[in-house]
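The values are calculated or read from the model by the stated rules, or taken from the named source; none is laboratory data. These figures come from a predicted structure and were not determined experimentally. Cβ placement follows ideal geometry from the backbone for every residue including glycine, while neighbour counts extend to all protein chains displayed.
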Amino acid sequence: MKSFLLCLTMVVLLSACRQSVKNAPTDEEKLLTAYIDSTIRVYDSLAVIKLPINNGVKIWNPGVLKTGPEGRIFGANLTGEIYSLEDTDGDGLEDTAKLFCNVSEDGFRTPAGMVFKDWDLYVGLPQQIRVYRDTDHDFVADTSFVFFDKIPYSDHPYEWTSGLNFDEDGWLYCILTTDSWNPGASPDPEKLRGSLLKISPDGKEYEQLATGLRSVHGMDFNAEGELYMVDNQGGQNSGEEFLKYVKGGFYGHNTTKYGEQEEVPTMAYLETEVAPSDLLFHEENGKEELYVSYYGPGEYWERGAIARIHFVEDENGNPTVKEEIITNLPKVSNITFSESGELYASRVGVTDYWYQKTDSLDGAIYKIKKASWVIPDSREGLSMASTDLDANSIEEGRILFNTRACAACHSLDGTTEMLGPDLKNIGLFYNRKELEEEIREPSRRIKPGSFASKITMKNGEVQLGRVITQNEEELQLMLVGNQIKKIPTTEIADTELYPESMMYPGLLDGLTRKEIDALLDFLISNAK
């Protein structure tokens, strides 16, 4: 069926594809080459294949991926459908998505975590963990039921239940993402949001294992039973964090909620890309390897990556990691391995600001295969942080940063809470062109967690600022001037998100090109 495309596409791909080939490929390699996504760079000999899934469920902003019963790959759309992938014509490429269940039909939105136990699929939903059971093993769920629902829930689109994993005793581990950015957060007297939970096999008991977590979407056990996580930068997280689980540990986010306390040291700050989205251990040739995927900065639709992570020691003998990018596949949400060792990745595609689906079909699922016949791209020059910057230009930029009032709203140390986002590692977050665009058009893309809220009081007073945290008693709002206003929740009539950045446009107006470059040099130089 698919051989129809080969003659035409092979001529183009063999000469122009970024995943270019060394020699004339075999018949099997010709088929794979026809479906290689030629826009994607690879840094190992890999074929990144966009699966031709044209039958069954439409692939619409795919998010979570998981390997399920009989080695089938399962995916979940942001629209709520969960499906298994089938290769109906036996050519080695899945072409059909068979519906397993649809959580939207049960009144739920975006699944953020999935894990199988036999033929039971545990799905992490904003307000509960639900089990979808396939009793007759036909890859269609026959029934579903609540497994765990002691989750504070406010219908905020950034509230997720993610990172689902079972330990060897059958207890389910999950992350409840923070509510620190939510002006209308649900009461959380046990301070569960922003923590790691462990739930008993019957779903009746749970234990809070760690706190101070922000937005962990990737979590996995290694062969020794050690648990590792990746957390996202922002809200007292100065970078993209690679973490090792310590029981009872506090990981630094949201001290307003959890109080000042000793923090578990961050094992490493990841720099391959931004917004780590998944973490997965996998045995290869008798050796355990670790992979991390990256979503990339929001609304930069061609940013993202997958990297291989190696455990090493720093100059002081402390454990850390070394990253090795394998592909710049954009907007990766999840990764999983097939039983035969092929890596699968979901590319979410274009979403709305809240990471929810748009009205236009977008996104794809990829199969990434080792391919000795593919010539990898060079890793040289991939780092966005530049060390070749002029000291005089950096100093001129530092002066401009202060005289143009940037310092009034932005910190540079990675920890100080101010009205605007911290800029310590902004040179790792954006390339030079993107950074200038962010300054010129501050409302074009607002980083999640940095948007403002409009708080209307019962007395008619209106306050505009950034929510630092909220509990059932009070809301803390960062105002212009970096003043924190504590507002009793009993005095609040309404809260709504403010759609514009609180950063003024036109801050580069009147500057020469040389001065703009100096300001960019200063910001980039502040990266680690």
Answer yes if at least one residue in region 23-37 is touching a Phe, Trp or Tyr at 6+ places or on another chain (Cβ under 8 Å) and at pLDDT 95 or above, and no otherwise. yes
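One line per residue, one yes/no per condition, for (1) free of Cβ contacts under 8 Å to residues at least 12 places away in the same chain; (2) over 19 Å from the mean Cα position of the chain (by Cα); (3) surrounded by 18 or more Cβ atoms within 10 Å (Cβ to Cβ):
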residue	(1), (2), (3)
PRO189	no, yes, no
GLU207	yes, yes, no
ALA210	no, yes, yes
LEU213	no, no, yes
PHE221	no, no, no
GLY234	no, no, yes
Of the residues LEU479, LEU497, which is touching a Phe, Trp or Tyr at 6+ places or on another chain (Cβ under 9 Å), modelled with pLDDT under 90 and of a type in the set (A, V, I, L, M)? LEU497
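Would you check if there is a residue in region 243-251 being within 27 Å of VAL42 (Cα to Cα) and modelled with pLDDT of 95 or more?
Keep residues of region 243-251 that are within 27 Å of VAL42 (Cα to Cα), which gives 243.
Filter once more, keeping what is modelled with pLDDT of 95 or more: 243.
For region 243-251, residues within 27 Å of VAL42 (Cα to Cα) and modelled with pLDDT of 95 or more: present.
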Could you list, in sequence order, the residues of region 145-171 that are over 18 Å from LYS204 (Cβ atoms) and in contact (Cβ under 8 Å) with a residue 40 or more places away in the chain? PRO152, PRO157, TYR158, TRP160, SER162, GLY163, ASN165, GLU168
Within region 313-322, how many residues are exposed (fewer than 11 other Cβ atoms within 10 Å of the Cβ) and among the aliphatic types (A, V, I, L, M)? 0
If I ask for residues that are of a type in the set (A, V, I, L, M) and in a strand (DSSP E or B), which ones from region 223-248 would you list? LEU227, MET229, VAL230, LEU243
Taking the condition more than 30 Å from GLU263 (Cβ to Cβ), of a type outside the set (Lys, Arg) and in a helix (DSSP H, G or I), does GLU395 pass? yes
Scan of region 280-309 for residues that are farther than 18 Å from ASP231 by Cα and assigned to a strand (DSSP E or B), ordered by number: HIS282, GLU283, GLU284, LYS287, GLU288, GLU289
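Residues that are over 27 Å from LEU78 (Cα atoms) and in contact (Cβ under 8 Å) with a residue 24 or more places away in the chain: list the strands (runs of 3 or more DSSP E) wholly contained in region 313-354 that include at least 3 such residues.
Passing ranges, in order: 319-327.
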Scanning region 408-422 residue by residue, those closer than 13 Å to LEU523 by Cβ and not hydroxyl-bearing (Ser, Thr, Tyr) turn out to be HIS410, LEU412, GLY420, PRO421, ASP422
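LYS198 - would you say it is surrounded by fewer than 23 Cβ atoms within 10 Å (Cβ to Cβ) and touching a helix residue (DSSP H, G or I) at 6+ places or on another chain (Cβ under 7 Å)?
no
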Would you check which residues across region 59-92 are charged (D, E, K, R), without any contact (Cβ under 8 Å) to a residue 24 or more places away in the chain and over 13 Å from PHE139 (Cα atoms) and list them? ASP87
